[in-house]
1. Quick one: in region 133-155, which of the residues that are in contact with an Asp or Glu (Cβ under 6 Å, 6 or more places away or on another chain) and over 29 Å from Glu92 (Cβ atoms) is surrounded by the most Cβ atoms within 10 Å (Cβ to Cβ)?
2. Run down Val287, Val226 and say which single residue is touching a Ser or Thr at 6+ places or on another chain (Cβ under 6 Å), in contact (Cβ under 8 Å) with a residue 40 or more places away in the chain and surrounded by 16 or more Cβ atoms within 10 Å (Cβ to Cβ).
3. Just to be sure before I move on: is Asp95 among the acidic types (Asp, Glu), out of contact with any Phe, Trp or Tyr (no Cβ under 8 Å at 6 or more places or on another chain) and more than 16 Å from Gly15 (Cβ to Cβ) in the structure I sent?
4. If you check every pair at least six apart or on different chains, which have Cβ atoms under 8 Å apart with a residue in region 261-279 that is in contact (Cβ under 8 Å) with a residue 60 or more places away in the chain and more than 21 Å from Leu307 (Cβ to Cβ) first and a residue that is open to solvent by 80 Å² or more (accessible area, probe 1.4 Å) and among the hydrophobic types (A, V, I, L, M, F, W, C) second?
5. So how many residues does region 3-37 have that are in contact with a His (Cβ under 7 Å, 6 or more places away or on another chain) and in a loop (DSSP other than H, G, I, E, B)?
6. Pull up region 135-179, narrow it to residues that are within 24 Å of Val74 (Cα to Cα), β-branched (Val, Ile, Thr) and not in a helix (DSSP H, G or I), then point me to the one that is nearest to the chain's Cα centre (by Cα).
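The values are calculated or read from the model by the stated rules, or taken from the named source; none is laboratory data. Keep in mind that what you see is a predicted model, and the values were worked out from it rather than measured. Please note: Cβ atoms are built from the backbone with ideal geometry, for glycine as well, and neighbour counts cover all protein chains shown. In case anyone asks, the SASA skips ligands and DNA or RNA and just uses the protein heavy atoms, side chains included. Shrake-Rupley method; radii C 1.70, N 1.55, O 1.52, S 1.80 Å.
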Amino acid sequence: MTERSLITGANGQDGVYLVDKLLAAGHEVHGMCHSVDGARRLLEQFPSVTAHVADLQSAVQIRNLVDETEPTLVFNLAGNTSVARSWDEPAETADVLGVGPIRLLEASWKLSQRLGRDVRMLQASSAEIFGDTTEVPQTENTPWQPVTPYGAAKTFAHEMAGVYRARGMYVSSAVLYNHESPRRPEAFVARKIAKAVARISVGLQETITLGNIDVQRDWGYAPDYVDAMIRIVSQAESGDYIVATGVSHSVREFVAEAFGAVGISDWERRVIIDPQLYRPADPRHLVGDPSKLRQTGWEPSVSFPELVGIMVSSELAGS
């Protein structure tokens, strides 16, 4: 039986990599986008995908989409992925990232009951659910302690995935730590740094303005994390999985590595710290323990220096 995969957020960073991998594996792929323009861009890149326009905030649209496509696998990657933006739109964040997945869970559960077969679902959870935890590194059993609207919404969806799992549904949560690639939107700090450093190196700008550069993050490569999602949903039993490298680095280290990639050592004078860019609350040390995920055979293929190099090289190639 050919796997039929439904991917929400199909034209986002992770969605594009996932579509590519699943098509290569022979899946019939349906991609949900938030707009007609997004669906058009997806089809331009992947003509063999069936593109759909739907909104996680609409229970009717989600139910109709699931019923129409009758997927065997559902990957929920949709929604705003910016923690900073969640402070500007907390209610929308709660609905899209917190309640939206429940609409997808319920539609998938009812389809599975009607068809008499599993509809396996992968929920993209986030390290932000751990917030200001003092437990380092975090594991699947670390208590949730979100400190941002984004983290709170993701926590609710994460918990509801567990509720549906207890009900008998196959649903796994991939607790994703920071993962980057050249496809990352420019609003994200890693892409912002890579782009600015490339421009500085060729004389197009002189400085970069950042907020708190001493927070610690566990950074990985987006294609590796998409590979982890596929492995997780392929396991015999569903569950929660930390998707991380197990090694943390500060934003300061990312900046230094990026400037080093273009041969600039005196980078401090080129960085302006603006306290207004600090978030109202920001977890200081998020690093995950991927021991459970490693049991599936997964390992990160790209190191931190290699990741930064990939990001900067991509920006140089496009500058």
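1. Of everything passing the filter in region 133-155, Pro137 is surrounded by the most Cβ atoms within 10 Å (Cβ to Cβ).
2. On inspection, the qualifying residue turns out to be Val287.
3. Numbers: among the acidic types (Asp, Glu): yes; out of contact with any Phe, Trp or Tyr (no Cβ under 8 Å at 6 or more places or on another chain): yes; more than 16 Å from Gly15 (Cβ to Cβ): yes.
So Asp95 passes the test.
4. Pairs found: Arg279/Trp87.
5. 1
6. Val175
One line per residue, one yes/no per condition, for (1) surrounded by 21 or more Cβ atoms within 10 Å (Cβ to Cβ); (2) hydrophobic (A, V, I, L, M, F, W, C); (3) modelled with pLDDT of 95 or more; (4) within 28 Å of Glu237 (Cα to Cα):
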residue: Thr2; (1), (2), (3), (4): no, no, no, yes
residue: Gly9; (1), (2), (3), (4): yes, no, yes, yes
residue: Lys21; (1), (2), (3), (4): no, no, yes, yes
residue: Val29; (1), (2), (3), (4): yes, yes, yes, yes
residue: Cys33; (1), (2), (3), (4): yes, yes, yes, no
residue: Glu44; (1), (2), (3), (4): no, no, yes, no
residue: His52; (1), (2), (3), (4): no, no, yes, no
residue: Gln61; (1), (2), (3), (4): no, no, yes, no
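Yes/no per residue for (1) of a type in the set (A, V, I, L, M); (2) under 21 Å from Ser172 (Cα atoms):
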{"site": "Arg4", "(1), (2)": "no, yes"}
{"site": "Gln13", "(1), (2)": "no, yes"}
{"site": "His27", "(1), (2)": "no, yes"}
{"site": "Gln45", "(1), (2)": "no, no"}
{"site": "Val53", "(1), (2)": "yes, no"}
{"site": "Gln57", "(1), (2)": "no, no"}
{"site": "Glu68", "(1), (2)": "no, no"}
